[in-house]
Amino acid sequence: MAQAAVPRPAATPIAIPVRAIVPWAAFAGAFLLFLIYFVASEQGAVALFSGTGVHEFVHDGRHLLGFPCH
Amino acid sequence: MVRNLLIRGMLTGVLAGALAWVFAWVFGEPQIRDAIAFEEHGHEAGAAGDHPEEEVVSRGVQSTIGMLTGVGVYGIAIGGLFALVFAFAYGRIGPFRPRATAGLLALLGFVAVIVVPFLKYPANPPAVGDSDTIGRRTALYFGMLALSVLFAAAAVILARRLTDRLGAWNAVPVAVGGFLVAVGIAMWAMPTVNEVPAEFSATVLWRFRVASLGVHAIIWTTFGLVFGLFAERVLRPAANPRPDPRIPAAAG
């Protein structure tokens with residue numbers, strides 16, 4: 001990234017290189033977003049599994065977290 | 001480094017989820033109970049219901065272990081994502097140390113991820129919302145969320161660029177103003193959704209929505225305060241080399 005070449009004040013902490021972040025962001029990030037999808041929308045607007053088990057189980061949390069539930 | 005931050009983010013998420021669950025149990029559940037009572041009353045009166053009531057999961061399970069699972073999984077996932085964003089932002093958004101970076105990011109995240117989408121498409125208790133429009137409402141909610149996060153990221157970049165020329169005290173208000181204008185235009189342009197039944201208790205609705213905001217406030221406050229402590233240890237091990245537990249950490 002371009003930031004590496006920019007002179008910075010001495011007090012600025014050293015950033016973590018982007019290449020060290022990208023693999024984690026790609027794999028863990030995708031997985032974590034998938035988890036949120038399960039709490040937020042599975043068996044609501046879209047469904048990977050048939051039935052209403054997931055929806056009903058996380059029902060109260062989904063409402064209180066503010067996601068459209070049903 | 002990133003791995004350590006990620007793990008600590010998810011651990012912070014466990015704590016955040018647990019605290020949020022206690023809050024949700026005390027302040028959110030009574031409203032959900034009232035809303036469900038309203039819904040069932042409507043069914044008895046022969047009103048057109050949005051879903052025929054056959055219990056797949058009992059209320060007892062929904063309000064305890066189900067809620068804990070929902071809020072807990074959400075906390076862990078948001079915690080991990082928070083750690084990833086932190087890993088990128090640290091040292092890039094300004095000369096802030098880990099705890100300050102975490103606090104700032106949590107504040108930004110709470111506004112961009114929670115408050116802005118909430119103002120346009122607020123949380124709804126059971127019995128509010130037509131099940132035929134769930135697809136549209138979900139798309140609008142996540143659309144608003146995506147726009148808000150995009151605008152916030154743009155505002156941070158703008159503030160960073162302007163700081164060199166104008167100084168932080170001018171650059172940050174300009175960026176915040178730009179964010180508010182962009183969000184305002186998006187809110188004005190996006191369609192309004194109001195599916196609250198006419199007879200639904202305004203008090204229950206208000207309390208439910210405040211409780212919803214409270215749940216998120218607890219989650220993000222936990223990230224802002226607790227994740228910073230973890231991050232400080234990961235990123236600045238020299239600042240506190242195996243601190244003696246009897247001596248208060250001056251490096252803070």
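The values are calculated or read from the model by the stated rules, or taken from the named source; none is laboratory data. Computed from a predicted structure; not experimentally measured. Cβ coordinates were reconstructed from backbone atoms using ideal geometry, including for glycine residues, and neighbour counts include every protein chain displayed.
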What tally of residues in the stretch B:62-94 results from selecting those that are more than 20 Å from the chain's Cα centre (by Cα) and more than 7 Å from chain A (Cβ to nearest Cβ)? 4
Since B:Ala102 meets every condition but one in (1) within 16 Å of the chain's Cα centre (by Cα); (2) within 23 Å of B:Gly28 (Cα to Cα), which condition does it not meet? (2)
Does B:Leu150 satisfy the criteria of being surrounded by 16 or more Cβ atoms within 10 Å (Cβ to Cβ), assigned to a helix (DSSP H, G or I) and among the hydrophobic types (A, V, I, L, M, F, W, C)? no
Among the residues listed as B:Arg160, B:Arg137, the single one being closer than 27 Å to B:Gly75 by Cα and in contact (Cβ under 8 Å) with a residue 40 or more places away in the chain: B:Arg137
State the number of residues belonging to the stretch B:27-59 that are part of a helix (DSSP H, G or I) and either surrounded by 13 or more Cβ atoms within 10 Å (Cβ to Cβ) or at pLDDT 95 or above (or both). 17
The residue that is farthest from B:Phe88 (Cα to Cα), considering only those in the stretch B:125-160 that are of a type outside the set (Gly, Ala, Ser) and in contact with a Phe, Trp or Tyr (Cβ under 8 Å, 6 or more places away or on another chain), is B:Val128
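Condition check ((1) over 19 Å from B:Pro30 (Cα atoms); (2) in contact (Cβ under 8 Å) with a residue 40 or more places away in the chain; (3) within 7 Å of chain B (Cβ to nearest Cβ)) across all residues:
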{"residue": "A:Leu33", "(1), (2), (3)": "yes, no, no"}
{"residue": "A:Tyr37", "(1), (2), (3)": "yes, no, no"}
{"residue": "A:Ser41", "(1), (2), (3)": "yes, no, yes"}
{"residue": "A:Ala45", "(1), (2), (3)": "yes, no, yes"}
{"residue": "A:Thr52", "(1), (2), (3)": "yes, no, yes"}
{"residue": "A:His59", "(1), (2), (3)": "no, no, yes"}
{"residue": "A:Arg62", "(1), (2), (3)": "no, no, yes"}
Only one residue in A:Val54, A:Val39 is in contact with a Gly (Cβ under 8 Å, 6 or more places away or on another chain) and not aromatic (Phe, Trp, Tyr), so which one is that? A:Val39
Please work out if B:Gly214 is part of a helix (DSSP H, G or I) and within 14 Å of chain A (Cβ to nearest Cβ). yes
Test result for B:Gly178, in a helix (DSSP H, G or I) and modelled with pLDDT of 95 or more: yes
Kindly indicate whether B:Ala18 is modelled with pLDDT of 90 or more, surrounded by fewer than 21 Cβ atoms within 10 Å (Cβ to Cβ) and not aromatic (Phe, Trp, Tyr). yes
State whether the residues of the stretch B:126-145 include one that is at pLDDT 95 or above, more than 12 Å from chain A (Cβ to nearest Cβ) and crowded, with 19+ Cβ neighbours inside 10 Å. no
